[in-house]
Amino acid sequence: MTSGGDSPGMNAAIRSVVRTCAYYSVESVGIYRGYQGMIEGDFVTLTARSVKGIINKGGTILKSARSKEFMTEEGRKKAYENLIENNIDAVVVIGGDGSFTGGVVFNQEYNFPIIGIPGTIDNDIYGTSHTLGYDTALNTCVEAIDKIRDTASSHNRLFFVEVMGRDAGFIALNAGVGAGAEEILIPEENLGLERMLESLKKSRRAGKSSSIVVVAEGDRTGENVFELAKYVEENLPLYEVRVSVLGHMQRGGSPSCFDRVLASRLGVKAVELLLDDKTNLMVGLKGSDIIATDLEKAIKGVHSINTELLRVSDIMTT
Ligand code: ATP
């Protein structure tokens, strides 16, 4: 099943789980709409052929949902009864940390085998260097910022571009470096309004007539990206300031090759762990290896950003 926010690569992971099951002669069932579908018994039998033509599709063919009912004991009881009634022995949950928390609670109550596959564009999950969808989202952002730069430089404008990332700056930091942003503002580091102004003044003195500032949704430098833009416009009248919020387009689109390959590898590992009687684990990427991390550790651990990239970004704006 897929649960929580959708991300590109979820379909490729569904395909991989189903085909790995078929390879090992294990039957597989798709659960629609995450935990809500589990509670309602919204299941579909999947075969190797049912997952054809989806590796390149964004979103999730199984749909996704957030289920309040699964947060209750009665909800989880209904879900358990449906799984047993349908002869389901284990569940692979493709989602974010909320979905894994639900899985851990469910496992504690019913001792039901669960394996997690990290699927979220935010990349904020411990136990994997990359979550499914993150690489695609980065490419989407870089492409969008490149286009914004065309108009910024034609009109000598300063653009504040807001990207997703309420608690983590992975997208902002990497897309910012990749798109050559002058400043990158992330939730993990509040560099302050004054420092940002100084940096923009410096760029101006260095002869730059247009600039791009990439701001993560959860950045704390200002109230929000519009307030930031207003502050800069008031204090740096030389610049004509504009704001662009990339929004949900970052979550959609055909997954990158990286995400498709990662999804395929994670799906195989998830099924093989279950066949090996392993449970309560999340599969992830470490270096070039696929590894398994305790699900609880994956939820509680912190995936820290690479601050060296901030230094690289500073040097690049010289
Ligand atoms: P995203 O990263 O996109 O937000 P997520 O998997 O973290 O994805 P959530 O909405 O946090 O998304 O969680 C998905 C679902 O998991 C919830 O709607 C709920 O059904 C279930 N869930 C989350 N936390 C718990 C919990 N403590 N107990 C039971 N179920 C939970």
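What about Arg311, is it of a type in the set (Lys, Arg) and surrounded by 13 or more Cβ atoms within 10 Å (Cβ to Cβ)?
No, not satisfied.
Of the residues Asp135, Asp124, Asp146, Asp150, which is open to solvent by 10 Å² or more (accessible area, probe 1.4 Å) and not in a helix (DSSP H, G or I)?
After ruling out the rest, the residue left standing is Asp124.
Scan the range 108-136 residue by residue and report those that are away from the ligand (no atom under 12 Å from the Cβ) and not β-branched (Val, Ile, Thr).
Passing the criteria: Tyr110, Asn111, Phe112, Pro113, Tyr126, Gly127, Ser129, His130, Asp135.
Go through the range 153-168 and give me each residue that's modelled with pLDDT of 95 or more and open to solvent by less than 10 Å² (accessible area, probe 1.4 Å).
Answer for the range 153-168, where residues must be modelled with pLDDT of 95 or more and open to solvent by less than 10 Å² (accessible area, probe 1.4 Å): Phe160, Val161, Val163.
Going by what's in this entry, would Gly41 be described as under 26 Å from the mean Cα position of the chain (by Cα), at pLDDT 95 or above and either over 24 Å from Glu272 (Cα atoms) or not aliphatic (A, V, I, L, M) (or both)?
In short, no.
Looking only at the range 78-93, decide whether some residue is within 13 Å of the ligand (Cβ to nearest atom), touching a strand residue (DSSP E or B) at 6+ places or on another chain (Cβ under 8 Å) and open to solvent by 20 Å² or more (accessible area, probe 1.4 Å).
no
Hey, could you check the range 227-246 for residues that are touching an Asp or Glu at 6+ places or on another chain (Cβ under 9 Å) and farther than 14 Å from Arg157 by Cα and say which is modelled with the lowest pLDDT?
That would be Leu228.
Quick one: in the range 57-77, which of the residues that are assigned to a loop (DSSP other than H, G, I, E, B) and more than 10 Å from the ligand (Cβ to nearest atom) is nearest to Met1 (Cα to Cα)?
Checked the range 57-77; the qualifying residue nearest to Met1 (Cα to Cα) is Leu62.
Going by the structure shown, is Gly103 within 26 Å of Lys297 (Cα to Cα), among the small types (Gly, Ala, Ser), assigned to a helix (DSSP H, G or I) and open to solvent by 20 Å² or more (accessible area, probe 1.4 Å)?
No.
Inside the range 19-56, can you point out the residues that are crowded, with 16+ Cβ neighbours inside 10 Å, touching a residue at least 60 places away in the same chain (Cβ under 8 Å) and either in a helix (DSSP H, G or I) or in contact with a Ser or Thr (Cβ under 7 Å, 6 or more places away or on another chain) (or both)?
Matches in the range 19-56: Arg19, Thr20, Cys21, Gly34, Tyr35.
The values are calculated or read from the model by the stated rules, or taken from the named source; none is laboratory data. Remember, it's a predicted structure, so these values are computed and weren't measured experimentally. Using ideal geometry, Cβ is built from the backbone for each residue, glycine included, and neighbour counts are taken over all protein chains shown. The accessibility values were calculated without ligands, DNA or RNA, using every heavy atom of the protein model including side chains. Shrake-Rupley method; radii C 1.70, N 1.55, O 1.52, S 1.80 Å.
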